[in-house]
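The values are calculated or read from the model by the stated rules, or taken from the named source; none is laboratory data. Keep in mind it's a predicted model, so treat the numbers as computed, not measured. Neighbour counts are summed over all protein chains in view; Cβ atoms, including those assigned to glycine, are modelled from backbone coordinates with ideal geometry.
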């Protein structure tokens, strides 16, 4: 059934001003209520949901950026540790290099005009997880300056060799020749034992 708007507005025009204002106010209130109920409120909730999701995404992005920075820092630290390991590998000999290292020590002693009375490698001592200590008992005969030169040359070697437990005494009364006892400590990396590649076949 069609609504005759002309007749409706004609009736309104005949009403008193107060009544017309009331009708206008009611109409505006109804329209606003409809707007808030069906448009504004749902959209507000939708906007709040979107803002909440956006906030979560921002936090996830910030967290990812932080992890990326941490990863870059860890990679830099790993690279630094690898460089230090390379340097350490140069300073600590392997098992196969120990004999030549000991020969180098005796050669340095001879070059320093010392006479070896004792040069005795001792049993290896495990230290922590990466390396073992190799002590060598030494006893040499020579002047004080010769011994000092010998120790200085050992300190300048590419490999780590420490001189400890040094004791000196005259070889004979009224002589400048000294009988020097000491221990040289060198180190090597622990080398993992190779696993058996192929097991024997059962007969």
(request) Would you mind finding the one in 138, 157 that is surrounded by 12 or more Cβ atoms within 10 Å (Cβ to Cβ), assigned to a loop (DSSP other than H, G, I, E, B) and free of Cβ contacts under 8 Å to residues at least 60 places away in the same chain? (result) 157
(request) Provide a single number: the residues in segment 160-202 that are modelled with pLDDT under 90, touching a strand residue (DSSP E or B) at 6+ places or on another chain (Cβ under 7 Å) and assigned to a loop (DSSP other than H, G, I, E, B). (result) 3
